[in-house]
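Some notes on the structure that comes next.
The values are calculated or read from the model by the stated rules, or taken from the named source; none is laboratory data. Keep in mind that what you see is a predicted model, and the values were worked out from it rather than measured. Positions of Cβ are backbone-derived with ideal geometry, glycine not excepted, and every protein chain shown enters the neighbour counts. Surface accessibility is based on the protein's heavy atoms, side chains included, excluding ligands, DNA and RNA. Shrake-Rupley method; radii C 1.70, N 1.55, O 1.52, S 1.80 Å.
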Amino acid sequence: MEERDIIALILHGNTNAFASLVEKYQDMAFSIAFKMLRNKEDAEEVVQDAFVKAYKALPSFRGEARFSTWFYRILYHTSVSRYQGQFLTSLREETLDYIDEIPEENEELNHMEITERTAIIQAILRHMPPDEELLLTLYYLEECSINEIVQITGLSESNVKVKLFRARKRFYDLLKKYMKNEINVLQ
Amino acid sequence: MKEEEIPSDPFLKEILQQTRLKAPEGISMHIMQRILTVEKTKNTIKTEKLPGELSFNIFPVIAWIFFFSIVGIFFILSSYSDNIPVSIVKQYLIYILPVVTLTTLYYFLNELGKYLFFKYFLSKRV
C-alpha cells in the first residue's frame, strides 16, 4: 500500500494504519534524533513526541512534499527545541585544530573487519558537530535532495551546500587522521 | 555552489549505512499507545463541553416544538369541534408563551454569560 493511501486511511479514522508509518520510519527517526542529541533516552523520547505530533498534525499534511520530509522536519524541530538549538552551535573546535591535509585514499579502512570499521566510523562521527553529521545522514544515507534538507532544517540552500561540503571534508580529514594514528600505534 | 557540485559518494553512503541505528525494542508500541490515548482524549473532548465553549442546548428547542404542537392541536380541534373555543387557545398562549420564552431566554443568557466569563475574564487571569 502506498503512503498516500495509508495517510488517507488514517484520516478516515483508521488509527492502526499509523503503525505502518511508525514501523517504516522509526529506525531512521531514531538515527536522526540520536545524531542530534547524542543520548539514547532523549532520542527515544523525541522520536515518540515527533510521531505523536505528526499524527496530530496529519490533517494539515497537504502531500506537496514527501511524508518523510514532512515528518523529519517535525522530528528536527522537536529535537532542536529539546535543547533549544544548542547542538547547532556546539561545534567542537578541538576537532578543527588538526585538519590541515586533504585526504587521498581510505584503503586501510577497506581491509578492516566490519565491526572494527563501524567502531572507527562511530568514533569519527562523535567528533563531528551534530549538525554536520545530520546533514551527511540526510544527504548520503536517506538520499534527501538539497531542497528537502532545506525544508527539514529551515537552513538556506547555500548554507546546506556549504555545510555538506564542509562536513564531507571534515569526515575524510578525521578518518585520515584516525587511520594514521592507528597505523602509528601498530608500528 | 550547485547541487551537482556535491559529489555522490558511495563509500560514504556505505559506511554511514553501517552506523545506522535501530530504534529501541517496543518504541512503536509506546508510540501507538500514546496515539490511542490522543484519540481517546479527542473523543472525550467531543462529548464533554470544555469551559468557555458555547454549547447547543436541546431543551429550549424541545420546549418550543412542544408549545407549537399544543397550539396546533388546539387549532385543529377547535376547527372541528365547538367544544374547544378559540378563547382556550388564546388563554394557553397567554400563560404558556411567556414561560417558554423565559425558559429559552434563561438558557441563552446562561450560556452566553458562561462563554463571556471564560473568554474575557478567566482567560486573562490564566
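Inter-chain neighbour count for A:20-30: the average number of beta-carbon atoms from partner chains within 10 Å of each residue's beta-carbon is 4.
The protection proxy used here, the mean number of other Cβ atoms lying within 10 Å of each residue, ranks peptides A:119-129, A:169-179 as follows, highest first: A:169-179, A:119-129. For the residues of B:24-33, the average number of beta carbons from a partner chain within 10 Å of their own beta carbon is 6.
Exposure check, 1.4 Å probe, all protein chains in place: B:TYR120 carries approximately 120 Å² of accessible surface. Counting, for every residue in A:6-18, the Cβ atoms of other protein chains within 10 Å of its Cβ and taking the mean gives 1.
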